[in-house]
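Peer 1: One structure is given below, represented as structure tokens, and several questions about it will come after.
Taken together, the values in this text are just the output of simple stated rules run on the coordinates, not laboratory data. Note that the structure is predicted; figures quoted are calculated from it, not measured. Virtual Cβ from ideal backbone geometry, glycine too; neighbours counted across all protein chains shown.
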Amino acid sequence: MAQQSLNYDDGQVPVTESEADRKALGYEKLGVIAGFLVGLPVGVGLVETPLASAGAPQWLGIVATVAVVAVCTALGLRGGAALAKKAAHE
């Protein structure tokens, strides 16, 4: 068998990020982190604990906690994106 050389360079110019793109990504990262850090205690304290004390199955508390954390993280991402868009227009 003959060996073939692989050429991954398809002639495209690499994309460079601007300072505004980096700043926007930073706002989005901050929003995701903040959303997660808010969602975790809300999910555990305000959702899972009352479900457990009401006698709900443990799997239901886990699913509810994960859902609350996911929603808060998504809201944090949206908030960070909105903040980045607002900062870009200023």
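Peer 1: For the range 60-81, name all the residues that are closer than 14 Å to G35 by Cα and of a type in the set (G, A, S).
Peer 2: A67, A70, A74, G76, G79, G80, A81
Peer 1: Quick one: which of A81, A74, A70, A24 is touching a Lys or Arg at 6+ places or on another chain (Cβ under 9 Å), surrounded by 14 or more Cβ atoms within 10 Å (Cβ to Cβ) and of a type outside the set (S, T, Y)? Show your work before the answer.
Peer 2: Details: A81 fails: touching a Lys or Arg at 6+ places or on another chain (Cβ under 9 Å); A74 fails: touching a Lys or Arg at 6+ places or on another chain (Cβ under 9 Å); A70 fails: touching a Lys or Arg at 6+ places or on another chain (Cβ under 9 Å).
Being touching a Lys or Arg at 6+ places or on another chain (Cβ under 9 Å), surrounded by 14 or more Cβ atoms within 10 Å (Cβ to Cβ) and of a type outside the set (S, T, Y) holds for just one of A81, A74, A70, A24, which is A24.
Peer 1: For the range 37-62, which positions are under 30 Å from A88 (Cα atoms) and crowded, with 16+ Cβ neighbours inside 10 Å?
Peer 2: V38, G39
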